[in-house]
Amino acid sequence: MLNLMKTLVSVRSISGFEKAVSDKLMMTMAPLCDKVYNDALGSLICVKNGTAPDGERKKIMLVAHMDEIGFMVTMVEDNGFIRVQPIGGINFTAAAYTAVTFGNGTRGILIPELGTAPNDINASKVYIDIGAKDKKEAEKKVKIGDQCALDGQLIRLCGKKIAGRPLDDRIGCAVLVDIAEKLKDTPCKDDVYFVFSTQEEVGMRGARTAAFGIMPDLGIAYDVTGTGDALGAGPMVCSVGGGAAIKLKDSSLICDRDFADELAQIAKANDIKYQFEILLAGGTDTAAMQMTGAGIKVAALSIPTRYIHSGTELLDLADAEACADLTVAWLNK
Amino acid sequence: MTKGIELIKRLSLAFGPSGWEDDVRAVIREEIGKAADSITEDRVGNLIVRVKGRGLDYNASKPARMMIAAHMDEVGFMVKDVTDEGYLKFSPIGGMDPRVLCGRHVMIHTDKGTEVPAMIATKAIHLQSAEDRAKATPTKKMYFDIGARTKEEGFKAVSVGDCGVFDSDFMTFGKDGAFLKGKALDDRLGCAALIEAIRDLHDSPCDLPFDVYFCFTCNEEIGISGAGVAAFTVEPDMALLVEACAVNDLPGVPGASRVASLGGGCVLTLVDSTALYDQSLTAFLRHTAEDQGVRYQIKQGTGDVTDGGFIQRSMAGVKTALLSVPVRYTHSAASVARYADYESARDLLIAALRNWKA
């Protein structure tokens with residue numbers, strides 16, 4: 001999983017511009033599945049057929065989003081500095097004085113206007129300096145509508161912990177790949193739809209249309225979740241290293257309780273480390289799936305992560321592996 | 001006035017606050033006449049006009065579908081009560097800055113079928129305290145003056161639930177009359193572009209690889225998007241929204257905050273609050289504009305609420321792009337646009353349909 005994560009964080013994939021990561025994932029998933037395609041919003045959908053006879057197979061949708069937060073260029077100033085707007089929930093204070101990379105490989109640094117108090121740093125108070133001497137030179141490299149993101153990076157810490165960005169939600173994608181690898185030679189009885197969704201960070205858009213196209217019987221979403229174990233964190237029991245986090249609630253939904261309890265029982269029976277999660281603020285693709293069509297029974301397995309949406313997020317790969325193991329155990333129940 | 005400006009004028013003057021689009025629908029039906037293959041109205045009031053495709057790339061047994069949408073409704077007001085002194089209390093329909101309301105004329109269309117002129121009352125400057133002058137009066141504290149002297153007299157003229165819109169002349173101004181002023185340019189400019197495209201396809205037919213569904217939609221200004229419903233009715237393979245884009249090209253506004261400029265041509269939007277638009281469709285529009293010599297500009301801002309997201313995320317998703325006409329002072333009685341920008345949006349729409357390759 002570590003090597004896959006290294007590959008996945010090395011490619012930019014800002015909401016609406018996910019093609020590079022989608023292509024990488026398609027190459028990885030194609031040998032593991034029976035059918036792979038992109039839908040109208042760009043979500044990558046990979047289908048692994050089940051073993052039960054026609055008409056007796058359920059459709060199971062497993063979803064993780066492949067987009068990340070970033071910036072879009074709105075203007076190039078006369079002096080060559082570049083103005084941007086956020087795509088997704090950017091913490092500008094955390095992003096300040098950091099390197100960014102554009103789609104065409106141009107590098108730059110994100111800088112707050114001098115004299116701006118840390119709490120006042122926002123989209124209209126920052127610019128990107130690419131070292132251009134004037135507008136003319138800058139426009140050779142960057143034009144309106146181009147997108148960029150903080151640089152991807154990944155480092156190993158104690159045990160199986162890793163830090164870097166964007167772990168949200170490349171780790172969910174890595175979990176889906178892990179599940180597909182485990183099912184490669186021993187498929188379960190139901191049809192499994194692995195969905196790598198687009199545009200989650202701007203409002204769970206890709207998962208919604210993907211779910212409509214598939215109309216699954218059951219769905220599970222895989223995403224990072226906040227934790228209560230950092231200094232100054234809010235009251236939340238979920239912790240890094242505490243195992244797969246079975247979601248009960250976040251700002252966007254209340255999960256199906258029977259489904260969550262079933263997953264907990266299977267984890268217990270198979271000795272897979274798990275914990276329950278109630279996310280204090282933030283939404284996930286789970287909700288988009290839940291409210292599709294006449295409604296879909298959903299659960300979410302989260303990977304506990306510290307410092308989400310900052311320039312460096314931290315998680316434990318053992319928790320991600322537990323999410324994959326628990327899913328495979330559930331599919332084979 | 002050219003034919004195009006006459007059409008915009010007629011649409012601008014039509015009465016159509018969100019939910020009460022009857023007059024606009026009637027004008028559009030009349031203007032299209034027999035130029036389309038069919039005109040239908042769906043259950044929420046969207047007018048859906050079909051132009052059939054033909055030619056080698058047209059699959060007659062299972063035709064592809066292209067949706068082109070513009071909204072008919074405009075911002076307006078709803079009467080909610082009459083005071084003892086005969087003044088009307090009202091609620092805005094759609095988002096308006098209270099500062100553009102004071103002293104304006106409104107025309108109320110009653111459920112009895114009458115028209116009642118109303119003035120939005122404001123305290124004369126002589127009578128304002130220093131505190132009054134320093135802040136904008138909120139809509140809640142405003143009222144309509146219809147010349148009624150008592151509650152009874154007021155209720156004889158209007159009922160709770162009657163709606164009004166700005167009563168505002170349409171005119172051209174500036175050098176050579178290049179600028180247009182009127183109410184409801186958002187999005188009657190879009191409606192006009194669709195009507196002209198329908199006429200153009202009728203007058204000089206071409207091979208269209210799909211059926212085109214021109215959708216004149218309702219309820220955009222109050223955020224419940226008739227266009228989203230129309231998308232489920234039409235089930236398009238692709239969609240193009242034609243809108244008015246609120247621009248801020250005013251003195252003292254720094255470049256990055258101007259959004260787009262009047263005179264810069266039609267506006268292509270990459271992202272707004274509702275959607276990240278399809279890159280391949282947008283790139284096709286850019287290339288078409290460049291090939292045909294149509295002026296266009298890329299929108300600088302990422303805000304604005306449109307029907308785009310509702311269409312894009314209907315069903316299993318629809319590839320959607322947004323083309324718009326830049327408009328100053330939108331959602332006021334005196335919205336201002338340049339006719340040449342409208343022409344570039346109309347021409348790009350027609351050129352895109354005639355040269356479809358995406």
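Key figures for this structure:
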| read-out | value |
| --- | --- |
| Strands (runs of 3 or more DSSP E) completely within the stretch B:291-358 that count 2 or more residues being within 14 Å of another protein chain (Cβ to nearest Cβ) | B:296-298, B:319-327 |
| Selection status of B:G174, outside the structural domain of B:E85 (by TED's automatic domain parsing), within 20 Å of B:A26 (Cβ to Cβ) and among the small types (G, A, S) | no |
| Single unsatisfied condition, A:Y307 versus (1) modelled with pLDDT under 95; (2) within 20 Å of the chain's Cα centre (by Cα); (3) at negative phi | (3) |
| Residue in the stretch B:272-279 that is within 12 Å of chain A (Cβ to nearest Cβ), at pLDDT below 95 and assigned to a helix (DSSP H, G or I) present | yes |
| Residues located in the stretch B:334-352, provided they are in contact with a strand residue (DSSP E or B) (Cβ under 8 Å, 6 or more places away or on another chain) and crowded, with 22+ Cβ neighbours inside 10 Å | B:S335, B:A337, B:D341, B:Y342, B:S344, B:A345, B:L348, B:L349, B:A352 |
| Spans of strands (runs of 3 or more DSSP E) in the stretch B:124-192 with at least 2 residues in contact with a Gly (Cβ under 9 Å, 6 or more places away or on another chain) | B:163-166 |
| Enumeration of residues in the stretch B:21-42 that are outside any helix (DSSP H, G or I), within 26 Å of B:H109 (Cα to Cα), over 14 Å from the mean Cα position of the chain (by Cα) and in contact (Cβ under 8 Å) with a residue 40 or more places away in the chain | B:D42 |
| Restricting the stretch A:31-58 to residues that are in contact (Cβ under 8 Å) with a residue 12 or more places away in the chain and within 14 Å of another protein chain (Cβ to nearest Cβ), the residue that is surrounded by the most Cβ atoms within 10 Å (Cβ to Cβ) | A:S43 |
| Count - residues of the stretch A:285-333 that are farther than 14 Å from A:Y274 by Cα, surrounded by fewer than 24 Cβ atoms within 10 Å (Cβ to Cβ) and charged (D, E, K, R) | 4 |
| Search result, residues across the stretch B:87-123 that are outside any strand (DSSP E or B) and touching a Leu at 6+ places or on another chain (Cβ under 7 Å) | none |
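The values are calculated or read from the model by the stated rules, or taken from the named source; none is laboratory data. As the structure is a prediction and not an experimental result, all values here were calculated from the model. So basically every Cβ, Gly included, is an ideal-geometry build from the backbone, and we count neighbours across all protein chains shown.
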